[in-house]
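Colleague: What follows is a structure written as structure tokens; I'll ask about it next.
The values are calculated or read from the model by the stated rules, or taken from the named source; none is laboratory data. These numbers come from a predicted model, not from an experiment. Counting neighbours? That spans all protein chains shown, and the Cβs are built from the backbone with ideal geometry, glycine included. Heavy atoms of the whole protein, side chains included, go into the accessibility calculation; ligands, DNA and RNA do not. Shrake-Rupley method; radii C 1.70, N 1.55, O 1.52, S 1.80 Å.
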Amino acid sequence: MRFDTIIIGAGLAGMTAAIRLAESGAKVAVVSAGRSALLFNTGSFGLLGFDTAHNKVNDRAKALTELPEDHPYSKIGAGGIPSLADEARALLERCGLAFRCSSNWNNHDRISPLGIFRPAWLTLDGLICESTLADMPYRRAAVVGLAGFLDFYPRFIAASLRKAGYECDVFTVDTPDLQALRASETEMRAVNIERTLHGYGLIRFAEELKKLNIPSDATLILPSVIDKDELEIFNQFLRRPFLFAPTLGVSLPGISIHNAMVSRLKELGGRIFNGHRVNGADYEDNRLTGVTTDKLDDDRLVADNYIFAAGSFFSHGLMAEPDSIVEPVLGLDVDAPQERSAWFTPDLFGAQPVMKSGVATDGDFKAKRDGKAITNLYAVGSVLSGADSVREDSGAGVAMLTALRVADSIIKHN
Amino acid sequence: MDLQNENISIHNFEQCTKCTVCTVSCPVTPINPRYPGPKQAGPDGERYRLKNPEFFDEAFKYCLNCKRCEVACPSDVRIGDIILSARLKHTKKRPSLRDTMLAETDAMGSLATICAPVVNLTLSMSPVKYVMDRTFGIDNHRRFPKYTSTKFVTWFKRHAASAQKQYTRQVSYFHGCYVNYNYPALGRALVGLYNAVGIGVNLLERERCCGVAKIANRLVKEATRDAEINLTSIRKALADGSEAVIATSSTCCFTMRDEYPHILGLENGDIRSSITLAVAHLSRLIERGDIKLVFREDYRRRIAYHTPCHMERMGFTPYSISLLEAIPGVELVVLDSNCCGIAGTYGFKKENYPTSQAIGEPLFRQIADVAPDFVATDCETCKWQIEMSTGHEVKNPVEILFEALDVEATRRANNLNN
Ligand SMILES: Cc1cc2nc3c(=O)[nH]c(=O)nc-3n(C[C@H](O)[C@H](O)[C@H](O)COP(=O)(O)OP(=O)(O)OC[C@H]3O[C@@H](n4cnc5c(N)ncnc54)[C@H](O)[C@@H]3O)c2cc1C
Ligand code: SF4
Ligand code: SF4
């Protein structure tokens, strides 16, 4: 099957590139071997939360210029970041997603699932962050946990809010629907709860919340377990302000971002090869001429350009062998410390060199193989080397900005 | 390291990272809290069961074997296979008469076609349904598929077989029970379509049910016997010059490609890629420039495509979609990929009926919203379920392609005379 561009990986990076290219009229296909790290996204995107010295970034422009030259942002060039960041946000909005951010193009504070204030670039509207907290009618909140739900920490969140100067109480709510779900306690997950809090289940939930004697001036802080299409009904029955806080594990905000991007791509005519693992590639003179997948028997997927967005270790875009770090599918070069002993430092909370490993690329994100750049194969997102996205809190930014940079250069060359 | 590499456990279960992605893609867990969910029933529980079979839970019977968990898993764990294998190995109760009846699709089908009008009438009468409900546990809301009075195979032998020899290229058609007993129109469409592009269709020397219903109802010995007959016939057909063995049912195709080796332990690596769906085979031939399809100009339809679970698992959905999209007058809406809830014989069982309908609910709602002229799908049980639950007609893509085909123009485009 023939396409203009084939994207390997349906995470934030792959979907961003695919949508951008499809919007320009290109025929794209996304191949994806399983669900991506987006499902764990808390609804907040990081662009650069912490600088090289691991201090919270206050002046983002300055922090960007201080990054080492092999960092993906340095390859884009610090000057190019703001416009790409705006482009990324606009793309998400075209997917029907609404975000909060800070007005001065800097980070804002959001609350993590463990109740810690962390810097973020964009936060999904409706989730608790600096800007939504400022919208609360009074400086008073009530964090409500669900009985038996272990992926949400009301006390931690309340403690952080109190520290930030809010009055805050903690409550627990239970409903017959939640009781029934608890029959299988390991299945008390945000997504399963969401499916029981629909229709009458949601109305019963609102009724139970009303019985809790929560002070009338408090804004409710609930775990994100309610489908956004149900919010109107919920509002009608609850009749008081509320915000959501993220949960651990597979999260509803993450799924809603994933679904919105998939719908947008489908609308634009992009094709998705769900559940296909790319397992081989043919090269000719530094060009990729086609890829195979584990599902297509003898068929090959062929395109003018290819984008490799297979993610990091979690998604198997990278793999750790006993003595090396490899890219297991396309045979690409990997930047990583040679010796296993150099992967780690003894300080558990310190920077771990292994986290910066990834596919080697040239300045235009063309992937390298045997030291040479493949002319029609780009790597984007967390499969790239040079960023320690967990420590820097830069995962979403690196994914989207590198994807847009590559998509833009493919569009320009056509 | 070698030790690690050489000790790959069955169905990849040690690859599990406990990420719970599978749990959130299971259609059963949110609806039936008694079901422990894919992660718990699958890789988690398997660790314990290896030590002590007492950890087996009868509630695993609620698994639909839809394999949606496997498609979602980022680490290629064959969760559905783990659960199904555990059920086959550890379930203590013998399959009931009801389960055996539902599973014997061949025997039931043969009996029913002989007296089709009577059977259809009988199955649709409420006292009969009441007795089936009470005595056998077949839910009385269930509408049974209609049995035809002329089996596909009978039609083929009488009206099509002799004409096939004129074609140099040949494929073998695995029609499956449903086409044979209930939906011969699909089989006729397939023959018409292939003949129009100059390819002859033959039947396997012996075809038995693919075995999906027997596997689901734990009749492993019987399923294995049928599977062996099918594999022998397929090997013979390929040796005799068939280019491929094609099916029109995604589930039959999936069962022969993947459940035979993974669940029944029957090696099929030598022929697996030659067993395929007609839509995949046709797409491949079109892509290579071997054949051309020319469609009628007056064909105008709004079609909603539903992705069956096993189609999703095989990864063949893009074939059906691209073929349907190639028909100029078709406006195709691809529905969100959700399970319809029937899962073969699962939804026929009284204890599963409410779960089955609740699972299908989002799909039925979306179909109502899209309001298509009809629904397209590659699976026969999805067809029953959607027709029963939405009132919309459901067709197989092959039938649609043939309906939209300009046969004369197609024959000319493929250099066939007359
Ligand atoms: C658990 C977790 C939680 C995170 N939470 C956040 C957060 O809240 N905020 C934030 O900003 N960042 C977060 N991150 C960082 C995250 O890595 C980035 O934000 C971003 O989502 C990475 O996107 P990606 O597209 O590069 O990779 P991924 O999302 O990992 O996607 C890779 C895709 O490639 C596919 N794939 C891999 N190999 C193949 C193959 N051979 N063939 C076909 N497909 C293949 C995978 O199946 C997957 O779909 C989190 C990361 C993880 C692991
Ligand atoms: S999705 Fe796969 S890796 Fe994740 S918990 Fe389920 S089986 Fe394990
Ligand atoms: S096969 Fe289907 S029903 Fe069974 S555990 Fe997996 S997703 Fe759930």
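Colleague: Can you name every residue in region B:399-418 that is among the aliphatic types (A, V, I, L, M) and over 24 Å from the mean Cα position of the chain (by Cα)?
Modeller: Residues of region B:399-418 among the aliphatic types (A, V, I, L, M): B:400-401, B:404-405, B:407, B:409, B:413, B:416.
Those that are among the aliphatic types (A, V, I, L, M) and over 24 Å from the mean Cα position of the chain (by Cα): B:Leu405, B:Val407, B:Ala409, B:Ala413, B:Leu416.
Colleague: Next up: Please give the number of the condition A:Thr65 fails out of (1) away from ligand 2 (no atom under 16 Å from the Cβ); (2) touching a Cys at 6+ places or on another chain (Cβ under 9 Å); (3) open to solvent by 20 Å² or more (accessible area, probe 1.4 Å).
Modeller: (2)
Colleague: Mind listing whichever residues of region A:133-155 are closer than 30 Å to A:Arg182 by Cβ and surrounded by 17 or more Cβ atoms within 10 Å (Cβ to Cβ)?
Modeller: In the first step, residues of region A:133-155 are kept if they are closer than 30 Å to A:Arg182 by Cβ; the result is A:141-155.
If the condition is that a residue be closer than 30 Å to A:Arg182 by Cβ and surrounded by 17 or more Cβ atoms within 10 Å (Cβ to Cβ), then A:Ala141, A:Ala142, A:Val143, A:Val144, A:Gly145, A:Leu146, A:Phe149, A:Asp151, A:Phe152, A:Tyr153, A:Pro154 are the ones that fit.
Colleague: Still on this structure: Which residues, taken from region B:347-394, are away from ligand 3 (no atom under 16 Å from the Cβ) and within 14 Å of chain A (Cβ to nearest Cβ)?
Modeller: B:Arg365, B:Gln366, B:Asp369, B:Val370
Colleague: Would you be able to tell me the number of residues in region B:8-43 that are facing another protein chain (nearest Cβ under 7 Å), on the phi > 0 side of the Ramachandran plot and not hydroxyl-bearing (Ser, Thr, Tyr)?
Modeller: Residues meeting the conditions: 1.
Colleague: Could you grab me the full set of residues in region A:110-126 that are open to solvent by less than 10 Å² (accessible area, probe 1.4 Å) and in a strand (DSSP E or B)?
Modeller: Those that are open to solvent by less than 10 Å² (accessible area, probe 1.4 Å) and in a strand (DSSP E or B): A:Ile111, A:Pro119, A:Ala120, A:Leu122, A:Thr123.
Okay, residues lined up against (1) within 10 Å of ligand 3 (Cβ to nearest atom); (2) modelled with pLDDT of 90 or more; (3) at positive phi; (4) part of a loop (DSSP other than H, G, I, E, B):
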position	(1), (2), (3), (4)
B:Gly45	no, no, no, no
B:Tyr48	no, no, no, no
B:Phe60	yes, no, no, no
B:Cys66	yes, yes, no, yes
B:Arg94	no, no, no, yes
B:Thr100	no, no, no, no
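Colleague: Looking at region B:50-84 only, could you name the residues that are more than 13 Å from chain A (Cβ to nearest Cβ), touching a His at 6+ places or on another chain (Cβ under 7 Å) and buried (at least 17 other Cβ atoms within 10 Å of the Cβ)?
Modeller: If the condition is that a residue be more than 13 Å from chain A (Cβ to nearest Cβ), touching a His at 6+ places or on another chain (Cβ under 7 Å) and buried (at least 17 other Cβ atoms within 10 Å of the Cβ), then B:Phe56, B:Asp81, B:Ile82 are the ones that fit.
Colleague: Enumerate the strands (runs of 3 or more DSSP E) found wholly within region B:251-346, keeping only those where 3 or more residues are touching a His at 6+ places or on another chain (Cβ under 7 Å), within 12 Å of chain A (Cβ to nearest Cβ) and buried (at least 24 other Cβ atoms within 10 Å of the Cβ). I'd like the intermediate steps shown before the answer.
Modeller: Details: elements: B:275-277, B:301-305, B:330-334.
Counting at least 3 such residues, we get no strands (runs of 3 or more DSSP E) at all.
Colleague: Checking the structure you have, find out if any residue of region A:16-36 is of a type in the set (S, T, N, Q) and within 16 Å of ligand 2 (Cβ to nearest atom).
Modeller: yes
Colleague: Return the residues of region A:176-190 that are without any contact (Cβ under 8 Å) to a residue 40 or more places away in the chain and either under 16 Å from A:Phe242 (Cβ atoms) or aliphatic (A, V, I, L, M) (or both); say none if nothing qualifies.
Modeller: Pass one, region A:176-190, residues without any contact (Cβ under 8 Å) to a residue 40 or more places away in the chain: A:176-187.
Those that are without any contact (Cβ under 8 Å) to a residue 40 or more places away in the chain and either under 16 Å from A:Phe242 (Cβ atoms) or aliphatic (A, V, I, L, M) (or both): A:Leu178, A:Ala180, A:Leu181, A:Ala183.
Colleague: Counting only residues that are touching a residue at least 60 places away in the same chain (Cβ under 8 Å) and either within 16 Å of ligand 1 (Cβ to nearest atom) or hydrophobic (A, V, I, L, M, F, W, C) (or both), how many does region B:36-68 have?
Modeller: 3
Colleague: Give the residue, chosen from B:Ala213, B:Ala237, that is buried (at least 21 other Cβ atoms within 10 Å of the Cβ) and within 21 Å of B:Ala280 (Cβ to Cβ).
Modeller: On inspection, the qualifying residue turns out to be B:Ala237.
Colleague: Is there a residue in region B:69-78 that is free of Cβ contacts under 8 Å to residues at least 60 places away in the same chain and out of contact with any Cys (no Cβ under 8 Å at 6 or more places or on another chain)?
Modeller: So far as region B:69-78 goes, no, none of its residues is free of Cβ contacts under 8 Å to residues at least 60 places away in the same chain and out of contact with any Cys (no Cβ under 8 Å at 6 or more places or on another chain).
Colleague: Inside region B:15-31, can you point out the residues that are surrounded by fewer than 23 Cβ atoms within 10 Å (Cβ to Cβ), part of a loop (DSSP other than H, G, I, E, B) and away from ligand 1 (no atom under 13 Å from the Cβ)?
Modeller: Residues satisfying the conditions are B:Cys16, B:Ile31.
Colleague: Also: Before we move on, is B:Ala404 open to solvent by 10 Å² or more (accessible area, probe 1.4 Å) and at pLDDT 95 or above?
Modeller: no
Colleague: Against the condition buried (at least 24 other Cβ atoms within 10 Å of the Cβ), within 14 Å of chain B (Cβ to nearest Cβ) and away from ligand 3 (no atom under 16 Å from the Cβ), how does A:Gly9 come out, does it pass? Lay out the reasoning, then the answer.
Modeller: Numbers: buried (at least 24 other Cβ atoms within 10 Å of the Cβ): yes; within 14 Å of chain B (Cβ to nearest Cβ): yes; away from ligand 3 (no atom under 16 Å from the Cβ): yes.
Answer is yes for this residue.
Colleague: Within 16 Å of ligand 2 (Cβ to nearest atom), hydroxyl-bearing (Ser, Thr, Tyr) and in the same structural domain as A:Val383 (by TED's automatic domain parsing), is that true of A:Ser341?
Modeller: Values: within 16 Å of ligand 2 (Cβ to nearest atom): no; hydroxyl-bearing (Ser, Thr, Tyr): yes; in the same structural domain as A:Val383 (by TED's automatic domain parsing): yes.
The answer is no for A:Ser341.
Colleague: Same structure, new question: Out of the residues in region A:263-288 that are under 18 Å from A:Asp304 (Cα atoms) and among the basic types (Lys, Arg), state the one that is most open to solvent (accessible area, probe 1.4 Å).
Modeller: Checked region A:263-288; the qualifying residue most open to solvent (accessible area, probe 1.4 Å) is A:Arg287.
Colleague: Could you identify the single residue in A:Ala351, A:Ala342, A:Ala360, A:Ala320 that is surrounded by 18 or more Cβ atoms within 10 Å (Cβ to Cβ) and away from ligand 3 (no atom under 16 Å from the Cβ)?
Modeller: After applying the criteria, what remains is A:Ala360.
Colleague: Quick check on B:Arg218: is it under 22 Å from B:Pro308 (Cβ atoms), touching a residue at least 60 places away in the same chain (Cβ under 8 Å) and of a type in the set (Lys, Arg)?
Modeller: no
Colleague: Also: Does at least one position in region A:90-109 carry a residue that is open to solvent by 20 Å² or more (accessible area, probe 1.4 Å), closer than 30 Å to B:Pro33 by Cα, small (Gly, Ala, Ser) and out of contact with any strand residue (DSSP E or B) (no Cβ under 7 Å at 6 or more places or on another chain)?
Modeller: no
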